[in-house]
Amino acid sequence: MSYLLDANALIEAKRRYYGFDICPGYWDALLLHHAAGRLLSIDRVQAELLRGNDELKTWTEAAPPTFFASSPEADVIGQYARAQAWAAGKPQFADAARAEFANKADAWLIAYAAAKHHVLVTHEEYAPDARRKVPMPNVCRDLGVEYTDVFSMLRALPAKFVLSA
């Protein structure tokens, strides 16, 4: 099973529970499992991360080039169109929500996961009544794309961060 990381799997980790200063093992585990062919992200997430000016930008720049796969491949583009059509066909979402979905990495992540049969890893949650944002889990459920959260991914890989004295 291969996992595809949303930007928030990296950003939230850095900000909250796996800061580079307290849990470098998280970041090492991502690279280790990437090298084993178990996880990656896409170029559009990379572009978001490179806009910052912090440790996450530095880590992103140092990651192997294969960590952030190219998203505009023929099979991915077809799935991207499918995700966009799904969002366009849902009148519950505000126009601004659909525009944001079209312009950020979210639709590309879903498309890549669908085309390459990866499990999408995100902190977003299924929200059937959402109006102001198109939640990726909503799209994934309807399009048959598997998704999970960071902690479930880490348990499945498996990864353990053990303090050594």
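Dividing the mean sequence gap of close Cα pairs (under 8 Å, 6+ apart) by how many residues the chain holds gives a relative contact order of 26 percent. Taken about its Cα centre, the range 39-88 carries a charge dipole of roughly 160 debye when the Cβ of each Lys and Arg holds +1 and the Cβ of each Asp and Glu holds -1. The label point for residue 82 and the one for residue 103, both projected 7 Å from the Cα toward the Cβ, are 2.7 nm apart. Determine, from the Cβ-Cβ distance of residue 132 and residue 70 and an R0 of 30 Å, the FRET efficiency 1/(1 + (r/R0)^6), rounded to the nearest 0.05. About 0.45, to the nearest 0.05. Calculated FRET efficiency, residue 58 to residue 159, Cβ-Cβ distance, R0 = 22 Å: about 0.55 to the nearest 0.05.
Using the alpha-carbon atoms, what tilt in degrees (0 to 90, nearest 10) does helix 24-35 show relative to the longest principal axis of the chain? Helix 24-35 sits at roughly 70 degrees to that axis.
The chymotrypsin sites (Phe, Trp or Tyr not before Pro) found in the range 5-67 that occupy coil by DSSP, while having at most 15 further C-beta atoms within 10 Å, are 20.
If the chain linking residue 38 and residue 143 were pulled fully straight, counting 0.36 nm for each residue of separation and taking away their Cα-Cα distance, it would gain 35.6 nm.
FYI, it's all coordinate maths here, none of it is from the lab. This is a predicted model, so every value here is computed, not measured. Positions of Cβ are generated from backbone atoms using ideal geometry, with glycine treated the same way; all protein chains shown enter the neighbour counts.
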